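Attaching a single structure in structure tokens format; questions to follow.
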Amino acid sequence: DQQVKQNSPSLSVQEGRISILNCDYTNSMFDYFLWYKKYPAEGPTFLISISSIKDKNEDGRFTVFLNKSAKHLSLHIVPSQPGDSAVYFCAAKVRGGGADGLTFGKGTHLIIQP
Amino acid sequence: EAGVAQSPRYKIIEKRQSVAFWCNPISGHATLYWYQQILGQGPKLLIQFQNNGVVDDSQLPKDRFSAERLKGVDSTLKIQPAKLEDSAVYLCASSFAGGNNQPQHFGDGTRLSIL
């Protein structure tokens, strides 16, 4: 039972355009969501996060949107740059109580075309 | 600041052998996590430590996997005996304190291949 789903294994976007990566979740207890970026042979790198009390969080070229009623979040990257080519993981957790391991999706491989 | 350090980077063993991985978290980080990432999947939590105590090991296959963080700093994860399905990347992560908005920072992982 996958609690965090990234239904697009890959996405190709032209340099300079907007990249939109999507993520759905099923566990209504999740209250904190994160996006990680991963290059080959490296560990995931934290990108941006959002609390369930917000619907948008922005950091430079990266914006995460959260739609709680639809249990859906998305990561927008604008403008897309060649260095953005990587695998992006959506992750979620339940805060409080101490145990806060992340539940990850399977990832979306973003390819930025020149 | 120095990141999460893991060793070895790669390990190849035969099934039924034992193997151990080491992790040194970011200085001052009280919470340490071990994740298993099988090819084509996202990382899956195996165990979470807060200082030297276990917070969550519900997904750790305890018949063959063990982990410790005796002094509340570095940690080891052991597999004994290894099975073919244990082939994966084992990632260590740390955060300043669990249960809040601090993100987890990951090491580069140990890639384990079972022959």
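The values are calculated or read from the model by the stated rules, or taken from the named source; none is laboratory data. Remember, it's a predicted structure, so these values are computed and weren't measured experimentally. Backbone-built Cβ (ideal geometry, glycine too); neighbour counts: all protein chains shown. Remember, those area values only see protein heavy atoms, side chains included, never the ligands or the DNA or RNA. Shrake-Rupley method; radii C 1.70, N 1.55, O 1.52, S 1.80 Å.
Return a yes/no flag: does region A:42-61 have any residue that is hydrophobic (A, V, I, L, M, F, W, C), at positive phi and over 13 Å from the mean Cα position of the chain (by Cα). Please lay out each step first, then the result.
The initial filter retains those residues of region A:42-61 that are hydrophobic (A, V, I, L, M, F, W, C), namely A:46-48, A:50, A:53.
Keeping just the survivors that are at positive phi gives none.
No.
May I pose another question? From the set of residues in region A:58-90 that are assigned to a loop (DSSP other than H, G, I, E, B) and either polar (S, T, N, Q) or modelled with pLDDT under 95 (or both), which is most open to solvent (accessible area, probe 1.4 Å)? It would help to see each step written out before you state the result.
Residues of region A:58-90 assigned to a loop (DSSP other than H, G, I, E, B): A:60-61, A:68-71, A:78-81, A:85.
Add one more test, that the residue is either polar (S, T, N, Q) or modelled with pLDDT under 95 (or both), and what stays is A:69, A:80-81, A:85.
Values: A:S69: 111, A:S80: 3, A:Q81: 83, A:S85: 39 Å².
Top of the filtered list is A:S69.
So is B:G28 modelled with pLDDT under 95 and away from chain A (no Cβ under 11 Å) or not?
Taking the combined requirement at face value, the residue satisfies it.
Next question, about the same structure. Starting from residues that are closer than 17 Å to A:V13 by Cβ and open to solvent by less than 60 Å² (accessible area, probe 1.4 Å), keep the ones in region A:91-111 and report whichever is farthest from the chain's Cα centre (by Cα).
A:L110
Please find, among A:V94, A:V4, the residue that is of a type in the set (A, V, I, L, M), within 14 Å of chain B (Cβ to nearest Cβ) and closer than 23 Å to B:Y90 by Cβ. Working first, answer last.
Numbers: A:V94 fails: closer than 23 Å to B:Y90 by Cβ.
Of A:V94, A:V4, the one residue that is of a type in the set (A, V, I, L, M), within 14 Å of chain B (Cβ to nearest Cβ) and closer than 23 Å to B:Y90 by Cβ is A:V4.
Identify all residues within region A:8-32 that are without any contact (Cβ under 8 Å) to a residue 60 or more places away in the chain and either within 13 Å of chain B (Cβ to nearest Cβ) or of a type in the set (G, A, S) (or both); write none if there are none.
A:S28
Also, I was wondering about something else. For region B:75-93, check the following and say yes or no: at least one residue is more than 15 Å from the chain's Cα centre (by Cα), within 19 Å of A:E42 (Cβ to Cβ) and either within 11 Å of chain A (Cβ to nearest Cβ) or in contact (Cβ under 8 Å) with a residue 12 or more places away in the chain (or both).
no
Still on this model: Picking from B:F49, B:F106, which residue would you name as being aromatic (F, W, Y), closer than 30 Å to A:P9 by Cα and either open to solvent by 20 Å² or more (accessible area, probe 1.4 Å) or within 14 Å of another protein chain (Cβ to nearest Cβ) (or both)?
B:F106
Let me ask something else about it. Would you confirm, using the coordinates I've provided, whether B:V73 is farther than 30 Å from A:S8 by Cα, in a strand (DSSP E or B) and open to solvent by 50 Å² or more (accessible area, probe 1.4 Å)?
No, not satisfied.
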